[in-house]
Amino acid sequence: MDQQQNLKKVALYIKKMPSLPTSVAKVLELSNDPNVSPADLNQVISLDPVLMGKVLKLINSAYYGLGQRITSLVRAIIMLGINTVKNLALSTAILSNLGSKTEMQVINMNGYWRHSLCVGVTAKLIAKKIGIPANQQESFFVAGLLHDIGKIPLNNTLSQEYLEVLALSDHERLSLHKSERRIIGFSHSDVGKLIAKSWKLSDDIHDAIAYHHRWEEYQGPHRLILLSVVAGNYFANSFEIGYSGNRFPELIDQALFDELNIDLYWLDSIEEQVNREIEKAKVFLKINE
């Protein structure tokens with residue numbers, strides 16, 4: 001294992017990744033301003049016809065189920081809320097860069113994205129269950145969708161080493177992130193942090209990516225999003241919805257579910273609902289075809 005050499009390869013891959021479009025960066029900047037108006041966001045998104053088209057496609061999809069066709073972006077922003085539209089713009093941009101066309105060398109791409117969608121959908125359902133306001137729930141979905149984003153550079157730059165990671169995980173029945181550290185010297189969470197910093201993602205998404213295997217250590221302000229992503233990851237692995245390489249996930253301490261104030265029986269009961277929501281959420285991937 002040459003940790004430094006591996007890290008250089010991954011860092012170079014991330015450096016060469018397309019940056020977020022200027023329009024999306026501006027949307028993220030504006031959304032942090034408490035005085036921003038729907039008209040302000042509309043003005044920025046309208047200047048990027050591709051982004052505007054993708055956002056309108058998402059808004060009119062079954063995922064949001066608005067029940068009427070929306071052709072006015074500013075009306076959509078008013079109906080959905082600034083935070084939701086911000087997350088839509090961010091999701092479309094990231095998936096345009098890393099979406100279904102990415103050639104993953106080891107883990108099947110369809111399985112990877114289905115797992116990611118499952119974690120996002122489950123985290124959002126948990127947010128709704130625990131009373132998170134509707135205009136904040138989309139942040140839970142995006143954090144879940146992107147939690148494993150660090151696996152993409154590992155698969156694409158260190159494919160031989162990643163085969164060894166999976167072999168060790170299978171042989172010793174070891175959680176994937178522990179196997180990554182043994183073989184490569186760092187984990188997909190560490191790589192995900194580099195991507196989050198490169199793209200200047202918001203702190204809540206950064207923290208979910210960075211700490212979803214170390215949630216006990218986290219004392220930051222975005223703990224509910226993090227714990228919901230951890231619970232969503234547990235759900236996806238337990239019900240084997242999608243596949244992201246982790247065949248032997250660690251057991252989750254009951255304290256996590258107590259802190260979220262969700263019942264494990266409730267979590268076990270939502271499989272059918274999650275699968276329905278995943279089918280709706282697939283539009284996030286199809287917008288990039």
- Query: Looking at segment 138-163, which of the residues that are under 25 Å from residue 65 (Cβ atoms) and among the aromatic types (Phe, Trp, Tyr) is surrounded by the most Cβ atoms within 10 Å (Cβ to Cβ)?
  - Reply: 140
- Can you name the number of the only condition in (1) part of a loop (DSSP other than H, G, I, E, B); (2) within 19 Å of residue 152 (Cα to Cα); (3) of a type in the set (A, V, I, L, M, F, W, C) that residue 262 fails? (2)
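Between 135, 42, 97, which is part of a helix (DSSP H, G or I), surrounded by fewer than 23 Cβ atoms within 10 Å (Cβ to Cβ), touching a residue at least 60 places away in the same chain (Cβ under 8 Å) and not charged (D, E, K, R)? Even if it seems obvious, please write down each step before you answer.
On the way: 135 fails: touching a residue at least 60 places away in the same chain (Cβ under 8 Å); 42 fails: touching a residue at least 60 places away in the same chain (Cβ under 8 Å).
Among 135, 42, 97, only 97 is part of a helix (DSSP H, G or I), surrounded by fewer than 23 Cβ atoms within 10 Å (Cβ to Cβ), touching a residue at least 60 places away in the same chain (Cβ under 8 Å) and not charged (D, E, K, R).
Within segment 1-18, take every residue that is surrounded by 13 or more Cβ atoms within 10 Å (Cβ to Cβ) and not β-branched (Val, Ile, Thr) and give me the one that is farthest from residue 87 (Cα to Cα). Quick ask: steps written out before the conclusion?
So the first thing to find is which residues in segment 1-18 are surrounded by 13 or more Cβ atoms within 10 Å (Cβ to Cβ), and the list is 6-7, 9-11, 13-14, 17.
After this cut, where a residue has to be not β-branched (Val, Ile, Thr) as well, the list is 6-7, 9, 11, 13, 17.
Values: 6: 32, 7: 29, 9: 30, 11: 26, 13: 25, 17: 20 Å.
That would be 6.
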- So residue 48 fits all but one of (1) buried (at least 16 other Cβ atoms within 10 Å of the Cβ); (2) within 21 Å of residue 139 (Cα to Cα); what number is the exception? (2)
- Taking the stated definitions as given, is residue 66 more than 22 Å from residue 22 (Cβ to Cβ), touching a helix residue (DSSP H, G or I) at 6+ places or on another chain (Cβ under 9 Å), of a type outside the set (Lys, Arg) and surrounded by fewer than 19 Cβ atoms within 10 Å (Cβ to Cβ)? yes
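Scanning segment 69-94 for residues that are part of a loop (DSSP other than H, G, I, E, B) and among the small types (Gly, Ala, Ser), which turns out surrounded by the most Cβ atoms within 10 Å (Cβ to Cβ)?
Of the residues in segment 69-94, the ones part of a loop (DSSP other than H, G, I, E, B) are 69-72, 81.
Within this subset, residues satisfying the condition of being among the small types (Gly, Ala, Ser) are 72, 81.
On the way: 72: 11, 81: 18.
Taking the candidates together, the pick is 81.
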- Sort out which residues of segment 239-258 are assigned to a helix (DSSP H, G or I) and surrounded by 15 or more Cβ atoms within 10 Å (Cβ to Cβ), and write them in order of number. 256, 257
- In segment 164-174, is there at least one residue being over 18 Å from residue 226 (Cβ atoms), modelled with pLDDT of 95 or more and surrounded by 22 or more Cβ atoms within 10 Å (Cβ to Cβ)? yes
- Per-region count, segment 5-21, residues among the polar types (S, T, N, Q) and either in contact (Cβ under 8 Å) with a residue 24 or more places away in the chain or in contact with a Lys or Arg (Cβ under 7 Å, 6 or more places away or on another chain) (or both): 2
- Examine segment 165-181 for a residue that is closer than 30 Å to residue 63 by Cα, assigned to a helix (DSSP H, G or I) and among the charged types (D, E, K, R), and state whether such a residue exists. no
- Among residues of segment 191-221 being in a loop (DSSP other than H, G, I, E, B) and either out of contact with any Ser or Thr (no Cβ under 9 Å at 6 or more places or on another chain) or of a type in the set (Lys, Arg) (or both), the residue surrounded by the most Cβ atoms within 10 Å (Cβ to Cβ) is 201
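The values are calculated or read from the model by the stated rules, or taken from the named source; none is laboratory data. From a predicted model like this one, the values you see are computed outputs, not experimental measurements. Positions of Cβ are generated from backbone atoms using ideal geometry, with glycine treated the same way; all protein chains shown enter the neighbour counts.
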